[in-house]
Amino acid sequence: SSAPAPAPTGPTRRATRKITLGPIEVGGDAPVSVQTMTVTPTHEADLTLQAIAAAQAAGADAVRVAVPRKEDAEALARIAEHARIPVIADIHFQWKYAVMAIEAGCAGVRINPGNIKKHDKVALLGRLAAEAGVAIRIGVNGGSLEQEVLDEFGGPTPEAMVESALREVRLLEDVDFFNTKISVKHSDPWTMIRTYRLLAERCDYPLHLGVTEAGPLKSGSIKSAVGIGALLAEGIGDTIRVSLSADPVEEVKAGIAILESLHLRERGLDVVSCPSCGRAQVDVWTLAEDVQKGLEGRIDVPLRVAVMGCVVNGPGEAREADLGVAAGNGKGEIIQKGERIATVREEDIVEAMIHYATEMAEEIRAE
Ligand code: SF4
């Protein structure tokens, strides 16, 4: 009998700088990460943390939150402190909120050159972000290019979008800021593909890919798979977001499916824990560490395990994980593929998780 065929490897990726986004890296040899964006009002910090928990349980590597108002900016410290994945503040117009996001401990800030026009403010943000070790995404959008670039290029062409991005990049470089990633999103996948190709030729920063306003679940997923997938297949792209008019969890699932299609993400054991909002009834981080230690070395198949801090919302938020536990009130509810299958005492949680995870791993292996 012949040896099994080796697993296919994904496309060779474009060489880029590597930047840091909180605890993760983007670009260089870092794996392509999946992002999403919450749709809860950001100022409702607990609701937003719960949405982050669900996105993380589905496999999100980073999350962006909108900061349209001052109260949203004021909630960032709490969100950034509790979230277990990097939080990126999405800033429009108000550069002051970007300052607040940096001070709040966000891992990244996204600014749109079409909205923050004053060059001295961009320079200021670059200096503050450099000091704090925060990443900045220059997020150009075909629908909101600055007027002077539109006039110069006669419309939101690929050249115009790339030029808008690189001008903003230079403002940051002028203050020695290089922890930058760039996106040049457009709602038309073919225009988006051509724009990113051009940008990839003209700089070595890591690129955040996305088709903007892609639409509802089905058509949006197809457009995103075409735009993001085509570029990734060419080796372009270091972090991605599928934007859908749907639950962020759906965006994450679509993003992961795109990466898996191209062998850019292979799943193994993945233990995630909820950010633990005001509802938390246990020390969820310690519990997650114990579960991680208990499972390490025992699971050699793709299995995502979620450890959630309360029995009220935990089961719902963990529904996209393969196995979950929602702990609280001295007990743990074990959740398998979204279904509650058992309730155990708190001190028996780790043992129960090992039992069910091992059982699931055997089933997966037998498939
Ligand atoms: Fe969700 Fe409960 Fe964790 Fe809060 S404590 S994020 S509601 S699981």
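With 24 Å as the limit, the listed pairs 253/331; 218/253; 18/185; 293/337; 117/181 have 253/331 beyond it between alpha carbons.
Annotation: per residue accessible area for region 227-367 equals 42 Å², rounded to a whole number [probe 1.4 Å, protein chains only].
Return the calculated 222 nm mean residue ellipticity for the chain, to the nearest 500 deg cm²/dmol, obtained by summing -39500 (n - 2.57) across DSSP H runs with n ≥ 4 and dividing by the residue count.
On the way: 12 runs with 152 residues, N = 367.
The per-residue figure over the chain is -13000 deg cm²/dmol.
Translational diffusion of region 76-208 was estimated from the Stokes-Einstein equation, with Rh taken as the Kirkwood radius over Cα pairs; at 25 °C and 0.890 mPa s the coefficient is 164 µm²/s. Angle of helix 217-233 to the longest C-alpha principal axis of the chain, folded into 0 to 90 degrees and rounded to 10: 70°. With respect to the chain, whose longest principal axis is taken over its alpha-carbon atoms, helix 95-104 is tilted by about 30°. Under the rule a/c < 1.5 gives rounded, and otherwise a/b versus b/c splits prolate from oblate, where does region 294-336 land using the Cα gyration tensor? Oblate, because a/c is 1.5 or more while a/b does not exceed b/c. Karplus-based coupling profile of region 21-38, in residue order and whole Hz: 10, x, x, 10, 10, 10, x, x, 9, 5, x, 5, 9, 10, 10, 8, 9, 6, with θ = phi - 60° in 6.51 cos²θ - 1.76 cosθ + 1.60 and x standing for Gly or Pro. Amide H contacts for residue 303 (H built 1.01 Å from N in the peptide plane; partners 5 or more residues away or on another chain; cut-off under 5 Å): 268, 269, 270.
A DSSP coil position with no more than 12 other Cβ atoms inside 10 Å describes the following trypsin sites (Lys or Arg not before Pro) in region 214-318: 298. Only alpha carbons enter this Debye calculation for the chain, each as an equal point scatterer, and the log10 of I(q)/I(0) it gives at q = 0.08, 0.10, 0.15 Å⁻¹ is -0.41, -0.63, -1.28.
Using the per-residue mean of other Cβ atoms lying within 10 Å as a proxy for protection, in what order, highest first, do the peptides 29-37, 349-357 fall?
Working: 29-37: 22.0, 349-357: 18.9.
Ranked from most to least packed, the peptides come out as 29-37, 349-357.
For the chain, which whole percent of the accessible surface, found with a 1.4 angstrom probe, sits on carbon and sulfur atoms?
Numbers: 7740 of 15380 Å².
Reported share for carbon and sulfur atoms: 50 percent.
Compared with the dominant principal axis of the Cα atoms in the chain, helix 349-366 is inclined by about 80°.
Counting only heavy atoms of protein chains, what accessible area per residue, in Å², does region 85-213 have with a probe of 1.4 Å? Before the final figure, lay out each step's value.
Working: 4900 Å² over 129 residues.
Here the residues of region 85-213 average 38 Å² of exposed surface.
Amide H contacts under 5 Å for residue 67: 90, 92, restricted to partners 5 or more places along the chain or on a different chain, H placed in the peptide plane at 1.01 Å from N.
Across region 144-243, how large is the tail of the calculated P(r) beyond 21 Å, expressed as a percent of all Cα pairs? All intermediate terms of the calculation are to be shown ahead of the outcome.
Numbers: 1643 of 4950 pairs.
Counting pairs separated by more than 21 Å, the tail of P(r) holds 33 percent.
Ordering 323-330, 51-58, 257-264 by mean Cβ neighbour count within 10 Å, with the highest value first, yields 51-58, 323-330, 257-264.
Which whole-number percentage describes the relative contact order of the chain, with Cα contacts under 8 Å and a sequence gap of 6 or more? Show your work: numbers first, answer last.
Working: 838 pairs, mean separation 60.3, N = 367.
Answer for the chain is 16 percent.
Couplings 3J(HN,Hα) for region 266-278, derived from phi with the Karplus relation 6.51 cos²θ - 1.76 cosθ + 1.60 (θ = phi - 60°), are 10, 8, x, 6, 9, 9, 10, 10, 6, x, 6, 8, x Hz, where x marks Gly and Pro.
When only alpha carbons are used to place a centre, region 270-310 and region 86-149 end up 33 Å from one another. Near residue 16, the amide H atoms lying under 5 Å from its own belong to 28; only residues 5 or more places off or on other chains count, and H is placed 1.01 Å from N.
When 97, 196 are compared by accessible surface with a 1.4 Å probe, the order from highest to lowest is 97, 196. Oblate is the label for region 247-367, because a/c, from the alpha-carbon gyration tensor with a ≥ b ≥ c as root eigenvalues, is 1.5 or above and a/b does not exceed b/c. Overall shape: oblate for region 1-136, with the ratio a/c of the largest to smallest alpha carbon gyration tensor axis at 1.5 or above and b/c at least equal to a/b.
The values are calculated or read from the model by the stated rules, or taken from the named source; none is laboratory data. These figures come from a predicted structure and were not determined experimentally. Here Cβ is always computed from backbone atoms with ideal geometry, including for glycine, and neighbour counts include all displayed protein chains. Please note that ligands, DNA and RNA were not included when accessible areas were found on the heavy atoms of the full protein model with its side chains. Shrake-Rupley method; radii C 1.70, N 1.55, O 1.52, S 1.80 Å.
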